[in-house]
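Peer 1: Shown below is the structure under consideration.
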Amino acid sequence: MGEDLEKLKQRFSLLDYLRQQNWVARPAGHGPEFVGLCPLHPETCPSFYVNARKNLFYCHGCGQGGDLLRFVQLSRHLSFRQSLAYLEQHNFPPTDPAAVLQQAATFYQQQLDGYPEALRYLKQRGLHDPGAIQELRIGYAPGASLRRHLTAQGYSCDLLQRLGLLNAQGRDAFYRRVIFPCCQGGRIVNLYGRSIAAAFAHRFLPGSKGGLYGWEQVQQCPEVILVEGLFDYAVLWQAGFRQVTCSLGTHLNACQFQQLCDHPRTIYLTFDVDANGSGQQASQRLAQRLRVRGLFTRRVLLPDGHDPNSFFVQGGDAGQFQALLKAALP
């Protein structure tokens, strides 16, 4: 009984349960504590504290305290055994993954200005406008800090590992990476980490990348510039091109392809002009597929060896890129 009880307490987060009961709280200092109005008695001054790490509560107003089981007893007027049965029988809604990814993305954005190496890397990649960096919600993962931050917010290590934010050893999955949040329908569905050191691979979190990056801003545009990389997207956005979207690689998934085909438009395919020709081959194949669906396509031919990012890094400007759009091939 005692062992089963401890497992039950660990399975349910007190803070998650209270949030699902619409308890509104704010952090109490910099630790894992939160404070809000007591759900157990009327009050106007918040005195109900929850320690997310210890999974305990205490109210300085009514003097009640304990764990989740004790809170269920008090709030629902149940006996110990009734409270135990209540928790065992109810499947509480799981924590929304998008909410956790939003917390992680916000944390990474707050870290960026504190790490000169990350800002230097962005400048090397042609990103120098703080306003554009903020609009794109770019952040930085230094490593060894996200776990501490999110567990202090009440999220369990098990949940963070399932989402891929922590690795199997319980450490931050992203280390020394510039972070781009990937959104779909206004919700963050994934995070992309671009390594600033050659020793670490670029990577997404497990699961779907979602649709086209930045699609919500361009889905009504009659002309769309499609690029394959996020830094291609970022430098075009910084240069004032707002009708740009990104496929996160040359292979479009079914969702991304359908997004492009949702109504007639002209698509400027702006894939890499690399030495092995793979980018332009992918561009030609995609153009054929899109034309079958009745869309107009134009292939933008950058100088040899360039992608949009390197084009701007090596001195290209908005006027020159606009000329490339005008010269694009059917």
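The values are calculated or read from the model by the stated rules, or taken from the named source; none is laboratory data. Please read all numbers here as calculations on a predicted model, not as lab measurements. All Cβ positions, even for glycine, are placed from backbone atoms using ideal geometry, and neighbour counts span all protein chains on display. With ligands, DNA and RNA removed, areas are computed over all heavy atoms of the protein, side chains included. Shrake-Rupley method; radii C 1.70, N 1.55, O 1.52, S 1.80 Å.
Peer 1: Any residue at all in the stretch 160-175 that's within 29 Å of residue 302 (Cα to Cα) and under 17 Å from the mean Cα position of the chain (by Cα)?
Peer 2: no
Peer 1: Turning to a different aspect of this structure: Considering each residue of the stretch 232-252, count those that are buried (at least 16 other Cβ atoms within 10 Å of the Cβ) and over 14 Å from residue 214 (Cβ atoms), and give that number.
Peer 2: So the answer is 3.
Peer 1: For the stretch 148-172, enumerate the residues that are in contact (Cβ under 8 Å) with a residue 24 or more places away in the chain, in a helix (DSSP H, G or I) and not hydroxyl-bearing (Ser, Thr, Tyr).
Peer 2: The answer is 149, 150, 152, 159, 160.
Matching residues to (1) in contact with a Gly (Cβ under 6 Å, 6 or more places away or on another chain); (2) aromatic (Phe, Trp, Tyr); (3) in contact (Cβ under 8 Å) with a residue 12 or more places away in the chain; (4) open to solvent by less than 50 Å² (accessible area, probe 1.4 Å):
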position: 18; (1), (2), (3), (4): no, no, yes, yes
position: 34; (1), (2), (3), (4): no, yes, yes, yes
position: 44; (1), (2), (3), (4): no, no, no, no
position: 63; (1), (2), (3), (4): no, no, no, yes
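Peer 1: Looking for whichever is open to solvent by less than 80 Å² (accessible area, probe 1.4 Å), touching a Lys or Arg at 6+ places or on another chain (Cβ under 9 Å) and at pLDDT 85 or above here; the options are 48, 57. Which one fits?
Peer 2: 57
Peer 1: Does residue 140 satisfy the criteria of being surrounded by 15 or more Cβ atoms within 10 Å (Cβ to Cβ), hydroxyl-bearing (Ser, Thr, Tyr) and within 15 Å of residue 112 (Cα to Cα)?
Peer 2: yes
Peer 1: I'd like the full set of residues that are part of a helix (DSSP H, G or I) and modelled with pLDDT of 95 or more, limited to the stretch 216-253.
Peer 2: Within the stretch 216-253, 230, 231, 232, 233, 234, 235, 236, 237, 238 meet the criteria.
Peer 1: Further question: Go through the stretch 127-136 and give me each residue that's surrounded by 17 or more Cβ atoms within 10 Å (Cβ to Cβ) and in a loop (DSSP other than H, G, I, E, B).
Peer 2: Within the stretch 127-136, 127, 136 qualify.
Peer 1: If you take the residues in the stretch 84-118 that are modelled with pLDDT under 90, part of a helix (DSSP H, G or I) and in contact with a helix residue (DSSP H, G or I) (Cβ under 8 Å, 6 or more places away or on another chain), which one is surrounded by the fewest Cβ atoms within 10 Å (Cβ to Cβ)?
Peer 2: 88
Peer 1: Tell me, which residue of the stretch 300-317 that is open to solvent by 40 Å² or more (accessible area, probe 1.4 Å) and either among the polar types (S, T, N, Q) or touching a helix residue (DSSP H, G or I) at 6+ places or on another chain (Cβ under 9 Å) (or both) is nearest to residue 268 (Cα to Cα)?
Peer 2: Here the answer is 301.
Peer 1: A follow-up question, please. Suppose we filter the stretch 259-277 for residues that are free of Cβ contacts under 8 Å to residues at least 60 places away in the same chain, open to solvent by less than 90 Å² (accessible area, probe 1.4 Å) and either within 22 Å of residue 217 (Cα to Cα) or in contact with a Phe, Trp or Tyr (Cβ under 9 Å, 6 or more places away or on another chain) (or both); how many remain?
Peer 2: So the answer is 11.
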